[in-house]
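Working notes for the structure below.
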Amino acid sequence: MKFKLIIALVDDSETDTVLEAGREAGATGATIVTSCRGEGLERGRTFFGLDLTGRRDMLLFVVEEHLSRSILERIASVGAFDEKSGTGIALQIDVEDAVGLRHQIETIQSEIEDEL
């Protein structure tokens with residue numbers, strides 16, 4: 001079984017919404033790294049050196065490759081990444097090897113048997 005890593009960077013107020021969308025699309029879980037900081041086209045606002053921009057969270061989904069594109073599109077849609085600048089980004093990369101996924105693999109196999 002091959003996997004992809006979907007990385008989504010979202011405003012911290014949208015983390016739960018994007019996480020739920022990923023689960024609904026077939027992700028079996030995610031790791032969330034909180035309080036990230038990022039900059040897009042426009043620089044963040046500061047006040048006497050203090051950062052006034054909202055915090056971002058990084059969501060890491062390890063997903064089966066056949067499900068990856070639909071999960072990516074779903075979280076992009078729910079997060080409105082293409083609707084407004086600065087709402088977030090998501091990307092996927094190949095996973096060469098992974099361990100510790102035995103229980104997820106069992107769940108994924110039973111869920112996608114009909115699709116394959």
| Where the centroid of each part is defined by its Cα atoms, how far is the range 1-40 from the range 77-101 in Å? | 6 Å
| remark: Counting only residues 5 or more apart in sequence or on a different chain, those whose built amide H sits under 5 Å from that of PHE3 are GLU65, VAL95
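Values in this text are rule-based calculations from the coordinates and carry no lab data. None of these values were measured; they are calculated from a predicted model.
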